[in-house]
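Take a look at the structure set out below.
The values are calculated or read from the model by the stated rules, or taken from the named source; none is laboratory data. As the structure is a prediction and not an experimental result, all values here were calculated from the model. Cβ sites come from the backbone with ideal geometry, for glycine too, and all protein chains shown count toward neighbours. The accessibility values were calculated without ligands, DNA or RNA, using every heavy atom of the protein model including side chains. Shrake-Rupley method; radii C 1.70, N 1.55, O 1.52, S 1.80 Å.
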Amino acid sequence: MADDKDVLRDVWFGRIPTCFTLNPDEVTEREAEAYYLLLPRVSYLPVVTDKVKKHFLKVMRSEDVEEMWFEYEGTPLKWHYPIGVLFDLHASNTVLPWSITVHFKNFPDQDLLHCSSNSVVEAHFMSSIKEADALKHKSQVVNDMQKKDHKQLWMGLHNVW
C-alpha cells in the first residue's frame with residue numbers, strides 16, 4: 001500500500017494536459033490557434049488561465065470581449081470547483097488532452113457564477129477550507145492560523161502552477 005505522503009504528493013503535483021480552443025462562434029480578426037497547458041488538479045480555472053485569456057485576446061476585437069468562461073462538450077465549467085474535480089466529473093473517460101472551449105460572449109448566467117477577480121476565487125477557497133476544517137476538526141485548525149498563514153495557503157495554489 002502506498003505511503004500517505006506519496007498519495008498526497010501525487011494529488012498535490014498532479015497535472016492534466018489541456019487544450020483550449022476558442023469557440024468558433026466568437027468573432028475574431030484572424031484564426032485563433034489552440035493553446036495547451038498542464039493544469040494543476042488542485043487549483044481553479046480563473047487562477048491558472050490568465051495565459052489562455054491573453055492568448056485569445058490577441059485575435060479578438062475588444063468590443064467583442066465580455067467575461068471569459070469555459071465549457072466542455074456543451075457543459076459550462078464551474079470556476080469554483082477545483083480543476084481536478086471538474087476533470088473527474090466531466091472528462092475522466094476521455095482521451096487526453098482535455099479539450100476545453102473558451103468563450104467571451106453569451107455568459108450562461110443560469111449555470112455559472114460570475115467571477116470578477118482572483119479575490120473572489122480566494123474568498124471562495126478560504127470559505128471552503130474553513131468549511132472543511134469545521135467538519136473535520138471542529139474549526140480548530142483554521143481558527144488557530146494567523147492571517148499570514150491564510151495568505152500562504154492561498155499562495156500555495158499559485159506556486160503549484
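For the range 90-161, give me every one of the helices (runs of 4 or more DSSP H) that falls completely inside it and has 1 or more residues that are under 14 Å from the mean Cα position of the chain (by Cα) and modelled with pLDDT of 80 or more. First the steps, then the outcome.
Details: elements: 118-137, 140-144, 147-159.
Per the criteria, 118-137.
Condition (residue is surrounded by fewer than 17 Cβ atoms within 10 Å (Cβ to Cβ), small (Gly, Ala, Ser) and free of Cβ contacts under 8 Å to residues at least 40 places away in the same chain) applied to the range 95-115: is it met by at least one residue?
Checking the range 95-115: not a single residue is surrounded by fewer than 17 Cβ atoms within 10 Å (Cβ to Cβ), small (Gly, Ala, Ser) and free of Cβ contacts under 8 Å to residues at least 40 places away in the same chain.
Suppose we filter Glu26, Glu31 for residues that are part of a loop (DSSP other than H, G, I, E, B) and either among the small types (Gly, Ala, Ser) or open to solvent by 70 Å² or more (accessible area, probe 1.4 Å) (or both); which single one remains?
Selected residue: Glu31, the only one of Glu26, Glu31 that is part of a loop (DSSP other than H, G, I, E, B) and either among the small types (Gly, Ala, Ser) or open to solvent by 70 Å² or more (accessible area, probe 1.4 Å) (or both).
Keeping to the range 128-139, report how many residues are free of Cβ contacts under 8 Å to residues at least 12 places away in the same chain and surrounded by 11 or more Cβ atoms within 10 Å (Cβ to Cβ).
Going through the range 128-139, the residues free of Cβ contacts under 8 Å to residues at least 12 places away in the same chain turn out to be 128, 131-139.
Next, from what is left, pick out any that are surrounded by 11 or more Cβ atoms within 10 Å (Cβ to Cβ): 128, 131-134, 137, 139.
Number satisfying all stated conditions: 7.
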